[in-house]
1. Checking the conditions here, which among G13, G66 is open to solvent by less than 70 Å² (accessible area, probe 1.4 Å) and at positive phi?
2. Of all residues in segment 25-35, how many are free of Cβ contacts under 8 Å to residues at least 60 places away in the same chain and surrounded by fewer than 18 Cβ atoms within 10 Å (Cβ to Cβ)?
3. Scanning segment 118-140 for residues that are farther than 16 Å from V60 by Cβ and not in a strand (DSSP E or B), which turns out farthest from the ligand (Cβ to nearest atom)?
4. Within segment 102-149, how many residues are under 16 Å from the mean Cα position of the chain (by Cα) and loosely packed, with under 15 Cβ neighbours inside 10 Å?
5. Pairs under 6 Å by beta carbon, first residue touching a residue at least 24 places away in the same chain (Cβ under 8 Å) in segment 2-24, partner assigned to a loop (DSSP other than H, G, I, E, B) and open to solvent by 70 Å² or more (accessible area, probe 1.4 Å), six or more apart or different chains?
6. Does any residue of segment 26-44 turn out to be modelled with pLDDT of 95 or more and within 23 Å of Y104 (Cα to Cα)?
7. Name, by its number, the condition in (1) surrounded by fewer than 19 Cβ atoms within 10 Å (Cβ to Cβ); (2) touching a residue at least 12 places away in the same chain (Cβ under 8 Å) that does not hold for L47.
Amino acid sequence: MAKLYILKEGEPGLRKTCRPVTDINLRTKRLLDDMVETMRKADGVGLAAPQVGVLRRIVVIEVEEGNVLELINPEIIEASGEQTGTEGCLSVPGKQGIVTRPSYVKVKALNRQGEEVIYEGTDLLARCFCHELDHLDGTLYVDKAKKMLYPDKDGYYDYDEDED
Ligand code: ZN
C-alpha cells in the first residue's frame, strides 16, 4: 500500500466530474487500499478518488474506527432531515466551515466484489456521505458553507452551536 498525495483546493482535479467505474479490477482494489491508507495517515474520516487525482466515482469512509466503507459508483437514494454543523476537508487544510446537510442519508453503491451494497447513515456518517459524494461532481464543502471558520493562534475553531 502507498500513501497518496492529496490535492488541495485550487488544483483543477478537484473541480472535475468523475466518471463511473466500469470494470472493478486489480487496479481498483489497489486504489481502494491506497485511499484507505492515505485517509488514515491524514486522520480523515473520508476520502474521494478525485482528491488523490483519480477522476473515478470511488469513495472510502471510516467514521467508526475499524469500519471502513468502500463505495464504488455511489448514489444517494434517500435523504431527509437537516443538520447544521462544522465540516472540514483534507483538501482544504487549516479551515472549517458551517454546512447544512441532511441528517439521514441512504446510499447505494458497489463494493470491491462488484456487489450492490446499501448503507444508511445519520449525523456524522450522513454528513460524510454527502461531503464525499459531492467531491465526485467537483463540489467542495466551501461552496456550500454558510460561514468559514479559521483557527485562532492555539489552533482552536471558535464556533458556538447555538449561534446562528
Ligand atoms: Zn473533502
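The values are calculated or read from the model by the stated rules, or taken from the named source; none is laboratory data. Here the structure is a predicted model, which is why all the values come from computation and not from measurement. Neighbour counts are summed over all protein chains in view; Cβ atoms, including those assigned to glycine, are modelled from backbone coordinates with ideal geometry. The area values use the complete protein model at the heavy-atom level, side chains included, leaving out ligands, DNA and RNA. Shrake-Rupley method; radii C 1.70, N 1.55, O 1.52, S 1.80 Å.
1. Details: G13 fails: at positive phi.
That would be G66, the only listed residue that is open to solvent by less than 70 Å² (accessible area, probe 1.4 Å) and at positive phi.
2. To start, the set of residues in segment 25-35 that are free of Cβ contacts under 8 Å to residues at least 60 places away in the same chain comprises 25-27, 30-31, 33-35.
Pick out the ones that are also surrounded by fewer than 18 Cβ atoms within 10 Å (Cβ to Cβ) and you get 25-27, 30, 33.
So the answer is 5.
3. Let us first name the residues in segment 118-140 that are farther than 16 Å from V60 by Cβ, namely 118, 120, 122-123, 126, 137-140.
Then keep just the ones that are not in a strand (DSSP E or B); that gives 123, 126, 137-140.
On the way: D123: 17, A126: 15, D137: 12, G138: 12, T139: 10, L140: 7 Å.
Per the criteria, the residue is D123.
4. Step one: filter segment 102-149 for residues under 16 Å from the mean Cα position of the chain (by Cα), giving 102-109, 119-145.
Subset that is loosely packed, with under 15 Cβ neighbours inside 10 Å: 120, 122-123, 137, 143.
The total comes to 5.
5. Listed by first residue and then by second, the contacts come to T17/D137.
6. Yes, segment 26-44 has at least one match.
7. (1)
For every residue, the table says whether it meets (1) touching a helix residue (DSSP H, G or I) at 6+ places or on another chain (Cβ under 6 Å); (2) within 16 Å of the ligand (Cβ to nearest atom).
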position	(1), (2)
D23	no, no
T28	no, no
L32	no, no
V36	no, yes
M39	no, yes
D43	no, yes
A49	no, yes
G53	yes, yes
R57	no, yes
